[in-house]
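J.: Sharing a structure, written as structure tokens. Questions coming.
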Amino acid sequence: MQKQTKEERVHHVFEKIYQNYDSMNSIISFQQHKLWRKDVMDRMHVEKGAKALDVCCGTGDWALTLAEAVGDEGEVVGLDFSKNMLSIAEEKRDALNLSQLDLVHGDAMELPFPDDAFDYVTIGFGLRNVRDYLTVLKEMYRVVKPNGKVVCLETSQPEIIGFRQLYFFYFRFIMPLFGKLFAESYDEYSWLNESTKHFPDKDKLKELFQEAGFSFVEVKSYTLGVAAMHMGTKQIR
């Protein structure tokens with residue numbers, strides 16, 4: 001049997017778990033992901049009438065929050081490569097009547113947008129799932145306007161001895177068990193352990209932001225380091 005590429009594996013995972021994705025996020029993170037995203041939004045200072053892009057938008061929660069923040073005069077695009085995940089996002093958008101939100105099926109490695117198109121570009125818990133982190137960061141840098149912000153909220157690597165080991169034990173054994181119990185998807189949630197284990201820590205990710213072109217990168221850790229925000233600004237050249 002031919003081994004799946006990372007893209008094929010990730011696509012299979014999210015095409016399967018899409019119906020339980022939101023509830024499982026709340027279970028896995030003990031609702032903390034909502035608090036993290038709220039704090040990130042407070043730090044972004046999103047302006048009314050702005051234009052924003054949410055990469056790897058999944059079921060759309062961050063894209064919806066951005067759409068509410070920019071208001072009727074603004075514009076938000078949510079992009080994801082899973083049509084099933086986007087179908088959930090579309091249902092949420094229509095229920096909230098957020099006509100300023102457009103949802104696009106596309107690839108984070110090759111964003112289908114012109115240079116300098118958005119005031120804000122975000123990616124939440126999606127960067128770890130792409131084939132090449134730096135390529136995606138460079139693409140996000142390309143499409144954000146000068147003085148615009150690119151923001152990543154992602155799992156990270158706790159540094160406290162003891163808690164770090166407990167964290168990885170949870171991701172390796174407990175989280176896939178939750179996936180089996182609540183979503184009948186043990187193998188798919190085992191993938192989330194793999195993707196988290198191999199994802200760069202906050203310092204290495206900051207270096208990738210700088211390599212992508214950002215000259216200033218703000219980093220904020222959450223819940224003893226289990227997640228981190230990286231926010232870079234594209235300077236005017």
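J.: Can you tell me which of Leu153, Leu134, Leu127 is within 15 Å of the chain's Cα centre (by Cα) and exposed (fewer than 14 other Cβ atoms within 10 Å of the Cβ)?
T.: Leu134
J.: Right, here's the next one. Scan region 82-104 residue by residue and report those that are in contact with a strand residue (DSSP E or B) (Cβ under 7 Å, 6 or more places away or on another chain) and in contact (Cβ under 8 Å) with a residue 60 or more places away in the chain. Lay out the reasoning, then the answer.
T.: At the first step, the residues of region 82-104 found to be in contact with a strand residue (DSSP E or B) (Cβ under 7 Å, 6 or more places away or on another chain) are 83, 86, 89-90, 93, 100-104.
Passing the criteria: only Lys83.
J.: Name the single residue that is most open to solvent (accessible area, probe 1.4 Å) among those in region 54-87 being of a type in the set (Val, Ile, Thr) and within 19 Å of His33 (Cβ to Cβ).
T.: So, considering only residues that are of a type in the set (Val, Ile, Thr) and within 19 Å of His33 (Cβ to Cβ), the one most open to solvent (accessible area, probe 1.4 Å) is Thr65.
The values are calculated or read from the model by the stated rules, or taken from the named source; none is laboratory data. The structure presented is a predicted model; accordingly, all values stated were derived computationally and were not measured. Note that each Cβ is placed from the backbone with ideal geometry, even for glycine, and that neighbours are counted across all protein chains shown. To get the accessible areas, we keep the full protein, side chains included, count just its heavy atoms, and leave off ligands, DNA and RNA. Shrake-Rupley method; radii C 1.70, N 1.55, O 1.52, S 1.80 Å.
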